[in-house]
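The values are calculated or read from the model by the stated rules, or taken from the named source; none is laboratory data. Not measured: the values here are computed from a predicted model. Positions of Cβ are backbone-derived with ideal geometry, glycine not excepted, and every protein chain shown enters the neighbour counts. When the accessible area is computed, the model is the full protein with side chains, heavy atoms only, and any ligands, DNA or RNA have been set aside. Shrake-Rupley method; radii C 1.70, N 1.55, O 1.52, S 1.80 Å.
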Amino acid sequence: MLLKNRLFLFVLLLAVSPLQAQNTPQSPNETPYSVVFNHLYYLQRDSYQPNSAARSFNMRTEDAIPYAIKLKQVLDARGMYIDINRLPESNVYFDTISGSAIYFLDRDEPAIYVERVGNRWFYSRTTIAALPTLYEDSFPFGGKVATLFQAPQWQKQLFNIEIWKWLGLFLAFLCAVVVYYLVRWISNKAIYPFVKRRFGVSEGVRKSVKRLARLIGLWIGLRSFIFLLPAFQLPPLTNAMVLKGLGVLHIFFLVFIVNQVINVLFFNLRKVAERTENTLDDQLLPVLKRLASILVWSVGIIYILNFLDVNVTALLAGISIGGLAIALAAQDTVKNFFGSIMIFLDKPFQIGDWIHFGSVDGVVEEVGIRSTRIRTFANSITYVPNGMLADQVVDNMGLRVYRRFKTDIGITYDTPPATIDLFVKGIKQIILQHPTSRKDYFEVHLNSFGASSLNILLYTFFEAPNWTAELRGRHEMMYAILVLADDLGVRFAFPTQTLHIEEFPGKGNTTPTARDVDENSQALENSLKRISAYFQEKAGTNAAEGEKFKPLGGE
């Protein structure tokens, strides 16, 4: 029975010994794995042997012990959690970038790496030289905070963390809160007067400044907490997770701050756009603001992924290839996007302009990223892709300063020449007296002999901002011409067939006789006085009524 028990213990020892060999460093300087594992293993709480950890340094043991302890504290304070299973286990390892026999524990910390000396591996001389500076940066208040809490009651643990560390974290949090309120107050007092002088006072600006001051306070308060955190020397894995989380939050606050600064700047740009006559600027600003926010968030997300050790280069390369495939599959969408950019840059029209191109005729209501919305004169909405609109010949009727009025006035052939001459002169005086007609360029002439009329060409322009004003001007001028014709006895011709009999028995000659010249001149003078009074009355009525409805386009 005793022999069987001894045999069982011998077999059990043989089974356990390989596990012990895997968890205990045997040859500390053969590979990068053995150097780092030896250093970290012998500085753990359950296997604390500084003399053994010092063998990872190429120097005397008594000199290497302080360096080994400080390097371990720096790694823990900076949240550099080392995954032992990913360390190279080859003696002939070479760095893929530099080609040297070195291995970096973390690419973000190039001063900490191991190197091969002869046929053995040690922490590099660069690491040893940089260690005092790294230690001071990691522990700005020194690493002696733990010595103040050596009493047993402070060493009790809660969730695997000592009580004094929880107290330190609470005090650091209170300090961060004080910093937050102080920085927010200072930022608000410093930023608001500058923004007030630059952008003026408005509720939107005031809210944006308060939000910006709050974000700056949160960001600096978080930075102060991160600054104090290494002094408490949390467990390596816990410290790494906390620092990663706070680092991501820190980048988020930066993105929010930049985004809020963009909002404040666009308040000023909006005021500048309001002072310009081009309404397309008002449509462009929200698009630019949205694009700026997308750009800021895109850069922020890239920084966050890089901070989380994601291979951003490979990710961007994949996105680029995918973006190219999407662009090829959505050529029309890309074309419309660049078409909208060309519209915003060239500004061929603005909001409210009446434009005409192809079969589309209407008033521009909105210019978007993909399409332009046009209100037709049938009161329907037409969405025109910007890519097609950028390639079209656009006739911007809304940019006209004057609107043309061209017509032929047909009078009967039996109108006496003197009366025709007075009629033409009267029409010219009507144009000169009309309040909105162009006075420096117009044409009124007896122009042609028609099939059933003598044609007088009327060619003039109205200063009309919209179709309603143009129609009003036409109405007033045509009404004045009718009054003039009635006063002068001028008859308008129309296409008819007339049987003309010179004389009827007992009635004599039926052809109308010409008026006396003096009589016609007096009639012209009286007619122009009536027309002048009419124009004055209409001008007062138009000014009193104003625009009671939104004018349509049209021609």
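Quick look at the numbers
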{"item": "Computed E for PHE194/GLU109 - FRET, C-beta separation, R0 45 angstrom, nearest 0.05", "result": "0.70"}
{"item": "Calculated FRET value between LEU291 and THR376, using beta carbons and R₀ = 30 Å, to 0.05", "result": "0.50"}
{"item": "³J(HN,Hα) computed for each position of region 207-218 - Karplus, 6.51 cos²θ - 1.76 cosθ + 1.60, integer Hz, glycine/proline x", "result": "5, 5, 5, 4, 5, 5, 4, 5, 5, 4, x, 4"}
{"item": "Pair ILE302, LEU399: separation of 7 Å Cα→Cβ label points (nm)", "result": "3.8"}
{"item": "Spin-label model distance (nm) - LYS529 vs GLU62, 7 Å beyond Cα toward Cβ", "result": "13.1"}
{"item": "Environment charge of TRP297, counting only residues whose C-beta is closer than 15 Å and scoring Lys/Arg +1, Asp/Glu -1", "result": "+2"}
{"item": "Where ILE456, ILE302 fall by accessible area, highest first, once all protein chains stay in place (1.4 Å)", "result": "ILE302, ILE456"}
{"item": "Where TRP121, TRP297 fall by accessible area, highest first, once all protein chains stay in place (1.4 Å)", "result": "TRP297, TRP121"}
{"item": "Listed peptides 180-186, 68-74 by packing density, highest first (mean Cβ within 10 Å)", "result": "68-74, 180-186"}
{"item": "Packing-based ranking, highest mean first, of 390-402, 408-420 given that Cβ atoms within 10 Å are counted", "result": "408-420, 390-402"}
{"item": "Förster radius 60 Å - calculated FRET efficiency between MET478 and SER90 (Cβ-Cβ, nearest 0.05)", "result": "0.05"}
{"item": "Packing rank of 81-91, 40-50, where each peptide gets the mean count of other beta carbons within 10 Å, highest leading", "result": "40-50, 81-91"}
